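Here is the structure we will look at.
The values are calculated or read from the model by the stated rules, or taken from the named source; none is laboratory data. For clarity, every value in this text was computed on a predicted model and none was experimentally measured. Note: ideal-geometry Cβ built from the backbone for every residue, glycine included; neighbour counts use all protein chains shown. In case anyone asks, the SASA skips ligands and DNA or RNA and just uses the protein heavy atoms, side chains included. Shrake-Rupley method; radii C 1.70, N 1.55, O 1.52, S 1.80 Å.
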Amino acid sequence: MYQLDITLRRGQNLAARDRGGTSDPYVKFKIGGKEVFRSKTIHKNLNPVWEEKTSVLIDHPRDPLYIKVFDYDFGLQDDFIGSAFLDLASLELNRQTDVILSLKDPHYPDHDLGSILLSVLLAPREEQREAFQTQSLRLSDLHRKSQLWRGIVSVTLIEGRELKAMDANGLSDPYVKFRLGHQKYKSKIVPKTLNPQWREQFDFHLYEERGGIIDITVWDKDAGKRDDFIGRCQVDLSALSKEQTHKLELPLEEGEGCLVLLVTLTASAAVSISDLSINSLEDQKEREEILKRYSPMRMFHNLKDVGFLQVKVIRAEALMAADVTGKSDPFCVVELNNDRLLTHTVYKNLNPEWNKIFTFNIKDIHSVLEVTVYDEDRDRSADFLGKVAIPLLSIQNGEQKAYVLKNKQLTGPTKGVIYLEIDVIFNAVKASIRTLMPKEQKYIEEENRLSKQLLLRNFIRMKRCVMVLINAAYYVNSCFDWDSPPRSLAAFLLFLFVVWNFELYMIPLAFLLLLAWNYFLIVSGKDNRQHDTVVEDMLEDEEEEDDRDDKDSEKKGFMNKLYAIQEVCVSVQNVLDEVASFGERIKNTFNWTVPFLSWLAIVALSVFTVILYFIPLRYIVLVWGINKFTKKLRSPYAIDNNELLDFLSRVPSDVQVVQYHELKQDPSHSPSKRKKNNPG
């Protein structure tokens with residue numbers, strides 16, 4: 001085992017790839033065909049200075065270090081500048097070496113493309129193979145982190161002041177990008193202002209004891225062309241004290257103005273990995289402590305700590321053979337929102353046993369636990385074997401269950417089952433309060449790509465929601481037209497009665513009656529919810545391979561013209577998804593798709609009904625207006641949110657209902673049955 005420490009110093013006289021005679025260079029490092037590092041982008045500079053460090057564990061220095069330099073182009077494919085190799089076997093062990101590498105392009109070997117300056121240190125390191133697998137970057141292409149984090153960095157983006165004007169009207173449409181290692185966050189766009197107010201909060205995981213550096217760039221959004229760079233700044237976390245909120249006013253380099261942030265560093269013991277022999281919930285004393293922590297008596301203590309999750313990953317059976325030997329090297333990734341943990345790898349086995357226990361702190365009871373099985377490949381990225389997604393509210397505590405593995409899109413079965421035992425302990429009051437707060441955003445997500453099938457699916461979903469409203473309008477109009485005299489007469493009498501006796505409390509009361517009626521149908525066995533085979537069929541048709549090859553970044557041709565409009569098409573695609581999901585979430589609230597949320601809706605509507613019944617509307621409006629007008633005075637850094645939209649964001653759409661639907665195991669596919677049926 002060897003540890004390779006690389007410091008990317010700077011570039012010299014790099015080739016210009018933009019019209020202005022400059023480039024926006026960044027660097028990728030590859031070893032053994034896998035990307036192990038990507039630098040930040042230095043804008044409009046042919047002599048960039050990075051001074052970035054990374055460490056990589058390798059088996060043997062026989063594989064060279066492959067360096068590739070690109071010019072970043074927003075909305076288009078990045079331009080290839082040049083590449084170089086570093087023979088690691090030629091390095092002297094335990095000695096730092098400065099290296100200057102000339103960049104070359106295989107298509108134009110005579111061109112001078114500049115050079116890259118590195119400092120490298122190769123040192124032997126005695127580690128067990130299993131430890132290496134846990135710490136390796138085998139999932140770097142998926143931005144998965146195997147090690148446990150040391151703490152959490154909570155960042156609140158407050159505002160920008162006197163930013164540089166980038167548009168012809170003397171204003172800008174600014175947004176901010178944050179990056180800490182592989183973790184990224186992008187703020188919303190604030191249109192036409194030089195003093196934007198964001199008030200957004202998000203968390204990063206801190207993996208290093210000494211901290212890290214958050215790179216921050218500010219951009220001006222330009223529709224139909226490349227976004228303008230406004231400025232950059234950095235936050236050195238090692239200079240900040242822990243367990244304390246710091247208000248930072250950061251001047252922008254290479255630009256004008258400043259950003260105002262609140263940054264808090266907290267220690268974390270939210271996750272853990274252990275063997276089955278170490279079980280928190282089986283220890284009576286520890287179980288009582290956990291139950292006490294989430295008891296109703298502590299409902300207002302630390303509202304962010306909603307509950308406790310314990311996942312036992314026991315074993316898998318009949319997995320897919322991913323290697324040419326007819327075997328696989330499976331390992332498991334367990335994810336809850338932004339928390340990710342790995343099991344060890346079981347080599348050459350289609351029926352692996354892991355026997356590991358994972359524990360998480362629950363921030364949102366509406367989160368979905370994702371367990372994914374991969375096949376480890378030393379020479380390339382891991383192969384996908386199967387996945388299950390389990391909403392926390394659907395878990396039955398203490399029950400060992402066999403989950404049928406699904407495909408990447410979670411729409412149909414793949415080969416194999418995985419045995420899990422899951423326990424969830426949570427405080428219902430905290431969970432209800434958290435439901436009305438903004439949903440945690442995933443900062444490690446796959447990039448949106450244009451998909452014809454996805455565009456068609458979202459269009460049909462939105463059309464179905466709109467058709468419900470159109471059909472309702474036709475029904476009302478048919479009552480006006482007296483197409484059915486008895487129905488029209490009943491509607492007319494009902495209209496007179498309601499209008500004559502109408503009170504405002506009747507609106508939430510009507511929703512209460514609808515919820516109660518649907519609940520009665522479910523309890524009585526007359527469930528009117530139909531399994532959405534249309535959405536499921538469309539999801540199955542949408543299964544596409546999303547493999548990406550870095551070589552595509554070097555290709556140039558007519559496809560570049562298509563990438564220029566991809567951002568617009570993806571935006572339309574996502575708007576269709578949002579509109580369709582909004583309508584489906586409202587429907588699923590009243591359909592008791594998630595009973596916890598439907599009960600919460602009943603409580604909220606009941607309270608609202610009583611308030612409207614006993615308190616005159618003018619007093620309610622007065623309190624609401626006073627609260628709205630004084631909110632910023634009472635809490636200058638308050639983050640705006642809409643409780644109703646935050647509630648609906650927890651209700652699954654029809655697509656998510658299909659994805660979270662548990663598949664039934666086919667008895668004929670059980671390995672034990674096959675052995676009995678085929679004794680030979």
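Structural remarks
- Annotation: Val263 fulfils all but one of (1) open to solvent by less than 70 Å² (accessible area, probe 1.4 Å); (2) assigned to a loop (DSSP other than H, G, I, E, B); (3) modelled with pLDDT of 85 or more; the unmet one is (2).
- Of the helices (runs of 4 or more DSSP H) contained entirely in the range 390-503, those carrying at least 1 residues that are at pLDDT below 85 and not polar (S, T, N, Q) fall at 452-480, 485-501.
- Criterion: within 30 Å of Leu240 (Cβ to Cβ), touching a strand residue (DSSP E or B) at 6+ places or on another chain (Cβ under 6 Å) and modelled with pLDDT of 85 or more - qualifying residue of Leu113, Leu101, Leu117, Leu121: Leu121
- Some residue of the range 403-419 being closer than 30 Å to Glu286 by Cβ, in contact (Cβ under 8 Å) with a residue 40 or more places away in the chain and open to solvent by 30 Å² or more (accessible area, probe 1.4 Å): yes
- Of the residues making up the range 44-57, those that are buried (at least 16 other Cβ atoms within 10 Å of the Cβ) and in contact (Cβ under 8 Å) with a residue 60 or more places away in the chain number 3.
- Residue in the range 379-386 that is in a loop (DSSP other than H, G, I, E, B), open to solvent by less than 20 Å² (accessible area, probe 1.4 Å) and at pLDDT 85 or above present: no
- The helices (runs of 4 or more DSSP H) falling completely within the range 564-658 that include 1 or more residues that are at pLDDT 90 or above and either exposed (fewer than 15 other Cβ atoms within 10 Å of the Cβ) or touching a helix residue (DSSP H, G or I) at 6+ places or on another chain (Cβ under 7 Å) (or both) map to 566-590, 595-614, 643-648.
- With respect to the conditions (1) closer than 24 Å to Asp203 by Cβ; (2) without any contact (Cβ under 8 Å) to a residue 24 or more places away in the chain; (3) touching a helix residue (DSSP H, G or I) at 6+ places or on another chain (Cβ under 8 Å), Lys292 falls short on a single one, namely (1).
- Looking across the range 58-93, the residues that are more than 28 Å from Cys569 (Cα to Cα), open to solvent by less than 40 Å² (accessible area, probe 1.4 Å) and not in a loop (DSSP other than H, G, I, E, B) come down to Ile58, Leu65, Ile67, Lys68, Val69, Ile81, Gly82, Ser83, Ala84, Leu86, Leu88.
- Checking Arg19 against (1) open to solvent by 50 Å² or more (accessible area, probe 1.4 Å); (2) free of Cβ contacts under 8 Å to residues at least 24 places away in the same chain; (3) in a strand (DSSP E or B), the condition it does not meet: (3)
Quick grid of which residues meet (1) assigned to a loop (DSSP other than H, G, I, E, B); (2) modelled with pLDDT under 85:
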position: Ser277; (1), (2): yes, yes
position: Leu281; (1), (2): yes, yes
position: Arg287; (1), (2): no, yes
position: Leu303; (1), (2): yes, yes
position: Leu309; (1), (2): no, no
position: Ile314; (1), (2): no, no
position: Val334; (1), (2): no, no
position: Thr345; (1), (2): yes, yes
position: Trp354; (1), (2): no, no
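- Verdict on Pro330 being in contact (Cβ under 8 Å) with a residue 12 or more places away in the chain, of a type outside the set (D, E, K, R) and farther than 30 Å from Ser154 by Cα: yes
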